[in-house]
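The values are calculated or read from the model by the stated rules, or taken from the named source; none is laboratory data. The shown structure was predicted, so the numbers you read here are calculated from the model rather than taken from an experiment. Methodologically, a virtual Cβ is constructed for each residue, glycine included, from the backbone with ideal geometry; neighbour enumeration extends over all protein chains shown.
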Amino acid sequence: MRVLFLNPVGVVGGAERALLDLMACLRHLDPRLSLHLLAGTPGPLLDEARALGVDAKLLALPPALSALGDSALRGRGPREALRFARSLAPAPLLLADYGRTLRREVANVQPDVVHSNGIKTHLLSAATTGLRVKRVWHIHDFLGERPLVRRALKTLAPLASVAIANSGAVGEDARAVLRGVPIQVVYNGVDVERFAPAPQACVDLDALAGLPRAPDGTLRVGLVATYARWKGHDVFLDAAAELTRLEPSLPVRFYLVGGPLYQTPGSQFSEDELRQRIDLLELSGRVGLVPFQSEPASIYRALDVFVHASTRREPFGLTIAEALACARPAIVSSESGAAEALTHGVDVLAIPPGDSRSLGDALRTLLRDEPLRTRLAQAARHTAVERFSRERYAREMLTVYRSLMNGG
């Protein structure tokens, strides 16, 4: 079987990490598989895929298409919508040119299955009309919340042979948009050998953040995420400020780990914005900004508490699975897709999305209770191995591919 993966970007975010894990495990499950990848922008995804034996190639999206996206329109008014509409003016010609190039590349590969891993590549599936391929749309977002994308994908839905949703909530949302398309829920997976506990931290968070070394015994709390506004960096900082006010003598330091990822304007914090907020909240010296790390496992292991603070429901939340696999006590938004498989008070502490006060209370509880941290950490590792391993993920995806080839 020949599988061609389409990914809009070459940088490595959550969807790309999941894709790399999928490709790695597919090779082990069935060495006869021929795996190919086309990415729309340069980045480490291509090299990492090649290292796995995947035939990976850059098919560069024009910058105007790469930066195009309606995610920033969530909750915005008509002025923002009008500004976005104006930015669409050159899109039809660019899409037509790129679509012809994409069609030639797909025809050259001659795949049995085209696995699209992002909304832009779902939309570009139209370029493969008439080619004898099965099309898998991997849904990593709530399509119903994307006003323009929702309409476009509803029109193109007959092209999709099947859609994979990375959580039950995403699947329910997709069914309302992609009527008639079979939807299967497959939770993302992580490498539970790579993301595993270690006897001691081997990374210096203070040095990475440019901070003086914290005194021995300092507890370290971190949020690991891209700078997307809905990831809750502001909520995290507000909770840190409140905890500092209530417990000024508590030896704790906070870290924001990550950076800007996507090219869509208006959808991300800048580093300057975050530093200004840190100064405004009088948290200078207590909060460090750690840039994006290509090997995040060591970052998780260096934390005493992992925080997931998304301000709205999140499709999955791969960092949750990674942190749990590293046996980190975690506080997570109850509206993340991964939280569907978790239990408050057993393997995590769950909080309402966007609630800085609840986050502050949970941090205060967890930082003052070492036995609770230990108990949550042990349960977290067990849950990650049982429910979020990449081997389970790849087995379920391979079953989908084979079902398509058998006429399913």
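Quick notes on this structure:
- Entry remark, region 139-149: residues being surrounded by 19 or more Cβ atoms within 10 Å (Cβ to Cβ) and farther than 19 Å from VAL3 by Cβ number 5 in total.
- Hey, ASP112 at pLDDT 95 or above and of a type in the set (D, E, K, R) or not: yes
- Taken across region 82-92, residues that are outside the structural domain of SER294 (by TED's automatic domain parsing) and modelled with pLDDT of 60 or more do not occur at all.
- Within region 227-252, the set of residues being part of a loop (DSSP other than H, G, I, E, B) and in contact with a helix residue (DSSP H, G or I) (Cβ under 8 Å, 6 or more places away or on another chain) comprises TYR227, GLU247, LEU250.
- Among the residues making up region 345-373, those that are touching a residue at least 12 places away in the same chain (Cβ under 8 Å) and of a type outside the set (A, V, I, L, M) are ASP347, PRO352, PRO353, GLY354, ASP355, SER356, ARG357, GLY360, ARG364, THR365, ARG368, ARG373.
- The test for being surrounded by fewer than 22 Cβ atoms within 10 Å (Cβ to Cβ) and not assigned by TED's automatic domain parsing to the domain that holds ARG313 holds for ARG395.
- Test result for THR218, under 16 Å from ALA15 (Cα atoms), assigned by TED's automatic domain parsing to the domain that holds LEU261 and touching a residue at least 24 places away in the same chain (Cβ under 8 Å): no
- Matching residues in region 179-200 - criterion: being assigned by TED's automatic domain parsing to the domain that holds LEU26 and over 22 Å from the mean Cα position of the chain (by Cα): ARG179, GLY180, VAL181, PRO182
- Whether a residue is within 24 Å of the chain's Cα centre (by Cα) and aliphatic (A, V, I, L, M) was assessed, and VAL252 does not pass this test.
- Any chance PRO260 is farther than 19 Å from SER310 by Cα and assigned to a loop (DSSP other than H, G, I, E, B): no
- Evaluated against (1) within 18 Å of ASP234 (Cα to Cα); (2) buried (at least 20 other Cβ atoms within 10 Å of the Cβ); (3) of a type outside the set (Val, Ile, Thr), LEU318 falls short on exactly one condition, (1).
- Per this entry, TYR300 is not counted among residues that are under 20 Å from the mean Cα position of the chain (by Cα), modelled with pLDDT under 95, surrounded by 20 or more Cβ atoms within 10 Å (Cβ to Cβ) and not acidic (Asp, Glu).
- Checklist (1) within 18 Å of ILE331 (Cα to Cα); (2) surrounded by fewer than 19 Cβ atoms within 10 Å (Cβ to Cβ) applied to GLU282, failing item: (1)
- Whichever residue in region 374-384 is surrounded by 17 or more Cβ atoms within 10 Å (Cβ to Cβ) and not small (Gly, Ala, Ser) and, among such residues, is farthest from LEU219 (Cα to Cα): THR383
- Hey, ARG277 touching a helix residue (DSSP H, G or I) at 6+ places or on another chain (Cβ under 8 Å), touching a residue at least 12 places away in the same chain (Cβ under 8 Å) and either assigned to a loop (DSSP other than H, G, I, E, B) or under 17 Å from ILE299 (Cβ atoms) (or both) or not: no
- Some residue of region 284-303 being assigned to a helix (DSSP H, G or I) and without any contact (Cβ under 8 Å) to a residue 40 or more places away in the chain: no
- Test result for VAL136, crowded, with 20+ Cβ neighbours inside 10 Å, among the β-branched types (Val, Ile, Thr), outside the structural domain of GLU335 (by TED's automatic domain parsing) and not in a helix (DSSP H, G or I): yes
- Failed condition for ARG175, given (1) under 26 Å from ALA126 (Cβ atoms); (2) basic (Lys, Arg); (3) modelled with pLDDT under 95: (3)
- Restricting region 180-199 to residues that are without any contact (Cβ under 8 Å) to a residue 24 or more places away in the chain and assigned to a loop (DSSP other than H, G, I, E, B), the residue that is nearest to GLU295 (Cα to Cα): GLU193
- Qualifying residues in region 338-372 (those that are among the charged types (D, E, K, R) and crowded, with 18+ Cβ neighbours inside 10 Å) - the one farthest from PHE306 (Cα to Cα): ASP355
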